[in-house]
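Student: I'd like to ask some things about the structure below.
Nothing in this text is a laboratory measurement; each read-out follows from the coordinates by a stated rule. Every value quoted in this text rests on a predicted model; they were computed, and no experiment measured them. Cβ coordinates were reconstructed from backbone atoms using ideal geometry, including for glycine residues, and neighbour counts include every protein chain displayed.
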Amino acid sequence: MYVSQSKKQDPPAGNADDTTQVLADLQRDLEEAQQEAERLKELAGRSQADLQNARSRMEKEARDMRAFALEGIVLKLLPTVDNFRRAFAHLPEDLQGNDWVRGLQATEQAFLKQLSDVGLTHIECLGQPVNAEQHEVLQVGQGEKDVVTDVFEEGYLLGGKVLRPAKVRSGDGTQAATV
């Protein structure tokens, strides 16, 4: 029980005015203590909410930092993917069945699988309508208007976000002459 600091002794017995005053002082002290308790309760609630918000913000910042780091690493690896694709696209016919080349192809597939496992996906382009977010049109030539007719450099998404747009040629609406 809270006791007023201003009253150190009980009032003399039998004095009604003193007893009434002590009770009034105790009632006032009780109300002040209840108000202080309510203020501290509100403060604790706000502090807990602030802590939860800070925790959420730190988790989001950590996620964003990991995503940014992953994005940077994958961007640095994309030229290796491009080099593998170019090398196998220009593989001489006499090396097509070579065991060493098949080993390199298996290495490329394992590498692409690992990149896929972290969220890298290839942007399908040929025959697709030009999408300004996913395609960088370098040339316009014969073909169906605003449809990708050739791919110069593959494009990729990382976790659904465009990591590198595909470099493409699109049609201008004219058709190639038939022979």
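Student: Of 104, 73, 24, which is farthest along the charge dipole of segment 15-118 in the positive direction, counting Lys and Arg as +1 and Asp and Glu as -1 at C-beta?
Tutor: 104
Student: To continue, here is another question. So, with +1 on the Cβ of K and R and -1 on the Cβ of D and E, and no other charges, what is the size of the charge dipole of the chain about its Cα centre, to the nearest 20 debye?
Tutor: On the way: 21 positive and 30 negative charges, 94 e Å.
I would put it at about 460 debye.
Student: Among 116, 91, 171, pick out the residue whose Cα is farthest towards the positive end of the charge dipole of the chain, where Lys and Arg carry +1 and Asp and Glu carry -1 on C-beta, about the Cα centre.
Tutor: The one lying farthest along the dipole's positive direction is 91.
Student: So for the chain: antiparallel DSSP bridges make up what percent, rounded to the nearest 5? Spell out each step's value before the answer.
Tutor: Values: 11 of 18 bridges.
That works out to approximately 60 percent antiparallel.
Student: Shifting gears a bit: Once R0 is set to 35 Å, what does the formula 1/(1 + (r/R0)^6) return for the Cβ-Cβ distance between residue 131 and residue 98, expressed as a FRET efficiency to the nearest 0.05?
Tutor: Values: r = 39 Å, r/R0 = 1.10.
It comes out at approximately 0.35.
Student: Residue separation times 0.36 nm, minus the C-alpha to C-alpha distance between residue 46 and residue 58: what's the value?
Tutor: Details: separation 12, 0.36 × 12 = 4.32 nm, distance 1.82 nm.
That works out to 2.5 nm of additional length.
Student: Most mobile of 117, 18, 146 per a Gaussian network model of the chain (Cα springs, under 10 Å)?
Tutor: Of the options given, 18 has the highest mean-square fluctuation.
Student: Nothing charged except the Cβ atoms of Lys and Arg (+1) and of Asp and Glu (-1): what's the magnitude of the dipole of segment 120-179 about its Cα centre? Round to the nearest 20 debye.
Tutor: Values: 5 positive and 9 negative charges, 21 e Å.
Charge dipole, segment 120-179, about its Cα centre: 100 debye, nearest 20.
Student: Something else now. Rounded to the nearest 20 debye, what is the charge dipole size of segment 15-118 about its Cα centre when +1 sits on each Lys and Arg Cβ and -1 on each Asp and Glu Cβ?
Tutor: Numbers: 14 positive and 20 negative charges, 213 e Å.
Dipole magnitude for segment 15-118 comes out near 1020 debye.
Student: Send over the Kirkwood Rh of segment 15-118, from the inverse of the averaged 1/r over different Cα pairs, rounded to one decimal Å. Walk me through the numbers on the way to the answer.
Tutor: On the way: mean 1/r = 0.0480 Å⁻¹.
Its Kirkwood hydrodynamic radius stands at 20.8 Å.
Student: Here is a follow-up. Report the antiparallel proportion of the DSSP beta bridges in segment 120-179 as a percent, rounded to a multiple of 5.
Tutor: Antiparallel bridges make up about 60 percent of those DSSP assigns within segment 120-179.
Student: Okay, moving on. So what's the Cα pair-distance distribution over segment 120-179, bin width 10 Å, in %?
Tutor: P(r) for segment 120-179, in whole percents per bin: 27, 48, 19, 5, 1.
Student: Let me ask something additional. Under the Kirkwood approximation for Rh and a Cα-based Rg, what ratio Rg/Rh is obtained for the chain? List each step's numbers first, then the result.
Tutor: Working: Rg = 37.3 Å, Rh = 23.6 Å.
We get a ratio of 1.58 for the chain.
Student: Next question, about the same structure. What does the highest-first list of 129-135, 48-54, 150-156 look like by mean Cβ count within 10 Å? Let's see the in-between values first.
Tutor: On the way: 129-135: 15.0, 48-54: 10.0, 150-156: 17.3.
Per-residue Cβ counts within 10 Å, averaged per peptide and sorted highest first, yield 150-156, 129-135, 48-54.
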